[in-house]
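Colleague: Here it is, the structure in full.
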Amino acid sequence: METENIRAREKMVKWPVRLAMAIVALALLGACGDGDEQPQTAATATPRAICPVAEDLCSFGQKVRTSVEALDGDSLVASSVGWDTPHGRADVVGTIGSVFGTSPSNVTLKGIGCPDDKGQPDCSGGFALVFAHPAASAAGTGGILVLGFDTTSGQPRLTGIGVPSDAADRGALLDGGRPGCSVPAGRMPRTTAEECTYLIVRPLQ
């Protein structure tokens, strides 16, 4: 009788041990199975250009870029000074076509210029948007288009269009700097050399 009790106690001891071993074995099998799964690769976000000025100017610039690619003269000259006419719209669209072709694509917003106020950029009264073909360079290859906007009325109004050809101006527009007076700066009026408003251009990084 005593022997049977001992055997019964041994069975009671071995049973939880065997159960624990079975649980460990199942856990190991599960770990091996997980190892066969390919690790998930996190989606790579497209780097966003850093805005060198107020964010609302960069947002406006991207909207204008869309209009440039669409050759949407109506939206570009809306409420503009001297451009909001059938002839003005045709001039704007024609200039864009001469720079980027009749079906513009891959037009990039390269930089934003603010008028030079005693050596400091000041976009409070106007600004200029610099658009370029990806292959544009200071040497003259690839198109560059500058659109000047006046903001003294509260809303940006197109006041000037520039297609720079001078290498120094093109370099300043693409890489940042101070192009010459022939580049539209946005502010009105600009009728004499003394009234010329120079730009300080900051490129999008």
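Any read-out appearing in this document is the output of simple, stated calculations on the displayed coordinates, not a laboratory observation. Treat the numbers as computed from the prediction; the structure is a model and nothing was measured.
Colleague: How many angstrom separate the Cα center of region 81-124 from the Cα center of region 143-174?
Modeller: 5
Colleague: Tell me, what is the Rg over Rh of region 55-205, with Rh the Kirkwood radius over Cα pairs?
Modeller: Rounded to two decimals, Rg over Rh is 0.93.
Colleague: So what are the ³J(HN,Hα) numbers for region 145-156, from phi and the Karplus equation (6.51, -1.76, 1.60; θ = phi - 60°), rounded to whole Hz, Gly and Pro as x?
Modeller: 10, 10, 10, x, 10, 9, 10, 5, 8, x, 10, x
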